[in-house]
Amino acid sequence: MTKKAVAAGIMSLLAAGTLAACGSTSTTSNGSGSSTPTSSSPASGGTLTVGTYTTAETLDPALSHTALDQQIMDNIYGTLLQINKSGKIVPNLATNVSVSANGLQYVITLRQGVKFTDGTPFNAAAVKYNWERILNPATASPEAGNIGPVQSITVNSPYQLTVTFKQAFAPFMDSLTGPVGMIASPTAIQKEGKAFGTHPVGAGPFAFQSWVPNGAITLVKNSHYFKAGEPYLNKVVFDPILSATTLVDALDNGQVQIADVLDPSQLGQVQSSAAHVDDVPGLGWYGMNINVTQGPLKNVHNRRALQYAIDKSVIRKLVFNGTGAIANSQISPSSWAYDAALKTPYSPTLAKKELQAAGNPSGFTFTVQAQNTNEYIQLTQILQSQLAKVGITMHIQLLDTSTYLTNLNSGNYQADFVNMSGTLDPNTSTYIFDDSTADVVKNGYDNPTVNSLLNAALATPNQSKRAQDYRQIAQLMNQDLPIIDFVNPAVLIGVGNNVHGFVTFPTEYLYLGRVSVK
């Protein structure tokens, strides 16, 4: 089985995993898109400003690996398939996807009459060009693994193509809702070359207009968008506001109409008269990553003692302001693969029993690395206090982001923290951490049964069977504990009260085609 691409794995930990969703054997469309207009037509025109927590890196779907890039690109390119507000995969630029019984062939039918914003045709040849570009090793695309072990891509007709896999790759349908499903103009790619990421051309609801270096990105209405009447807005500006406090102030005073994404500590500062907070259960996980090859944490009983000694409800209350859910695995309660029966209780008594089993009843000492931010300082202080109650001494090493990531990627640590944005399909959230050949975080974890189950889940078209595999993986991870999950964070988006039609998705995507402002 071809392994997941991990070229951008470390950045994904702190930014975003590629969007994915639940698999299906077929999806069809009546041509109306993913949603039905309401009886009262939204106001057309105007500008929406989105305040962002960071700056974009590239708007090239083949090269992007951050959440913000993908939020912006969703509005420039659209996607072949789309996730609706119920978390279901629905048609978009593709009107039908049929999957063979063995999961080896996908026949994709495209919407006809669509053009890229440079006037060139959106068709099967353009899709094939984009995917072959991603698969080309010279591109070094972080999306190559999300296309899967492709054997061939065949254009059947101007608006239909067939993808044949060497081995079944169940997450492919999910991939069509993310960057793999964001199709760029081949003409523009060839014209712009390496500069394409700053001059993107797609077929989405908005067209790229400008990008101030390290600053605002402006999109304008695509007047030829295939969804009748959309988009309602004339312009969208993504404006980076890197201070959490300043971002909330900008939302409250109307400088921005959407604040993406809010820090839990800032929620009380959002003024209800001007704006509100969309609080949606997320798909990600936040926890401690453990190097199982060195020091006292090499002993599984010591790792289990850590698990039992940590009161996750306190972390949720103090660090996440009571938002999100207590995590029992890497799989969020919002996922179809979630195992509600799996529990990881807080029990100092059980922690002490595990210390006895480890041969150090009085406890042990270890060091955790963390980024030097207020959030991590608060988290480590809470953990330090909790662990001390059972005799575990945790030293804290605060590092700048660059050093932290370097150590994470090299295995130069005993323990550290990971904040992973999630996916409807658990593949992205689990594979790069749990499979020993991926080992992106270099924690040395190697369980042959977990490896086998991960690859079985990749190759199984049946979602019910895949869910069983992922639940078994979660149970094994909960026994071995290379990762101790704390919280499944919520998606927190600040929205001005004059914004209408905006939907917050668990995947953190920002589809703005149906958004209007007074």
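The values are calculated or read from the model by the stated rules, or taken from the named source; none is laboratory data. Values in this document were obtained by computation on a predicted structure and should not be read as measured data. Reconstructed Cβ throughout: ideal geometry from the backbone, glycine too, with neighbour counts over all protein chains shown.
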Q. Do you know which residues across segment 298-321 are of a type outside the set (S, T, N, Q) and closer than 15 Å to TRP285 by Cα?
A. LYS312, ILE315, ARG316, VAL319, PHE320
Q.
What are the pairs with Cβ atoms under 9 angstrom where one residue, in segment 139-150, is on the phi < 0 side of the Ramachandran plot and the other, located anywhere, is among the basic types (Lys, Arg) and assigned to a loop (DSSP other than H, G, I, E, B)? Sequence gap at least six, or different chains.
A. GLY145/LYS3; GLY145/LYS4; ASN146/LYS4; PRO149/LYS166; VAL150/LYS166
Q.
Considering only residues that are buried (at least 19 other Cβ atoms within 10 Å of the Cβ), of a type in the set (Ser, Thr, Tyr) and either part of a loop (DSSP other than H, G, I, E, B) or in contact with a strand residue (DSSP E or B) (Cβ under 7 Å, 6 or more places away or on another chain) (or both), which ones fall in segment 420-459?
A. SER421, THR423, SER429, TYR445
Q | Those residues of segment 161-179 which are closer than 15 Å to ILE134 by Cβ, touching a Ser or Thr at 6+ places or on another chain (Cβ under 8 Å) and in a helix (DSSP H, G or I), in sequence order | A | SER175, PRO179
Q) So which of ALA124, ALA188 is assigned by TED's automatic domain parsing to the domain that holds LEU68 and touching a residue at least 60 places away in the same chain (Cβ under 8 Å)? A) ALA188
Q. So which of GLY202, GLY197, GLY193 ends up being part of a loop (DSSP other than H, G, I, E, B) and more than 18 Å from GLU508 (Cβ to Cβ)?
A. GLY202
Q: From PHE226, PHE172, PHE206, PHE238, grab the single residue that is under 23 Å from the mean Cα position of the chain (by Cα) and over 26 Å from THR54 (Cβ atoms).
A: PHE172
Q.
Need the failing condition index for GLN255 against (1) in a loop (DSSP other than H, G, I, E, B); (2) of a type outside the set (Asp, Glu); (3) at pLDDT 95 or above; (4) buried (at least 21 other Cβ atoms within 10 Å of the Cβ), just the number.
A. (4)
Q) Going through segment 385-412 one residue at a time, which ones are among the hydrophobic types (A, V, I, L, M, F, W, C), more than 20 Å from PRO348 (Cα to Cα) and either within 23 Å of the chain's Cα centre (by Cα) or in a helix (DSSP H, G or I) (or both)? A) LEU405, LEU408
Q: Could you grab me the full set of residues in segment 356-370 that are farther than 16 Å from ASN291 by Cα and under 39 Å from the mean Cα position of the chain (by Cα)?
A: ALA357, ALA358, GLY363
Q) When the residues of segment 134-159 are filtered to those that are part of a helix (DSSP H, G or I) and at pLDDT 95 or above, which remaining residue is farthest from ASP174 (Cα to Cα)? A) ALA138
Q: Evaluate the following for LEU267: is it of a type in the set (A, V, I, L, M, F, W, C), outside any loop (DSSP other than H, G, I, E, B) and modelled with pLDDT under 90?
A: yes
Q | Within segment 21-55, considering residues that are touching a strand residue (DSSP E or B) at 6+ places or on another chain (Cβ under 6 Å) and modelled with pLDDT of 90 or more, the one surrounded by the fewest Cβ atoms within 10 Å (Cβ to Cβ) | A | THR47
Q.
Within segment 471-487, does at least one residue satisfy the condition of being of a type in the set (D, E, K, R), assigned to a helix (DSSP H, G or I) and modelled with pLDDT of 95 or more?
A. yes
Q. Within segment 85-133, how many residues turn out to be farther than 23 Å from PHE206 by Cβ and not in a loop (DSSP other than H, G, I, E, B)?
A. 14
Q | Checklist (1) surrounded by fewer than 22 Cβ atoms within 10 Å (Cβ to Cβ); (2) assigned to a strand (DSSP E or B) applied to ILE382, failing item | A | (2)
Q. Limited to segment 212-239, what total is found for residues that are free of Cβ contacts under 8 Å to residues at least 60 places away in the same chain and assigned to a strand (DSSP E or B)?
A. 3
Q | Residue match in segment 363-385 (condition: touching a Lys or Arg at 6+ places or on another chain (Cβ under 9 Å), among the aromatic types (Phe, Trp, Tyr) and closer than 17 Å to LEU481 by Cα) | A | no
Q: Could you grab me the full set of residues in segment 279-309 that are surrounded by fewer than 23 Cβ atoms within 10 Å (Cβ to Cβ), in a loop (DSSP other than H, G, I, E, B) and hydrophobic (A, V, I, L, M, F, W, C)?
A: VAL292
Q: State all residues of segment 317-370 that are assigned to a helix (DSSP H, G or I), aliphatic (A, V, I, L, M) and buried (at least 21 other Cβ atoms within 10 Å of the Cβ); if no residue qualifies, say none.
A: ALA351, LEU355
Q) Looking at (1) touching a Gly at 6+ places or on another chain (Cβ under 7 Å); (2) acidic (Asp, Glu); (3) farther than 26 Å from PRO149 by Cβ, can you tell me which one GLU192 breaks? A) (1)
Q. Quick one: in segment 60-74, which of the residues that are part of a helix (DSSP H, G or I) and charged (D, E, K, R) is farthest from LEU512 (Cα to Cα)?
A. ASP69
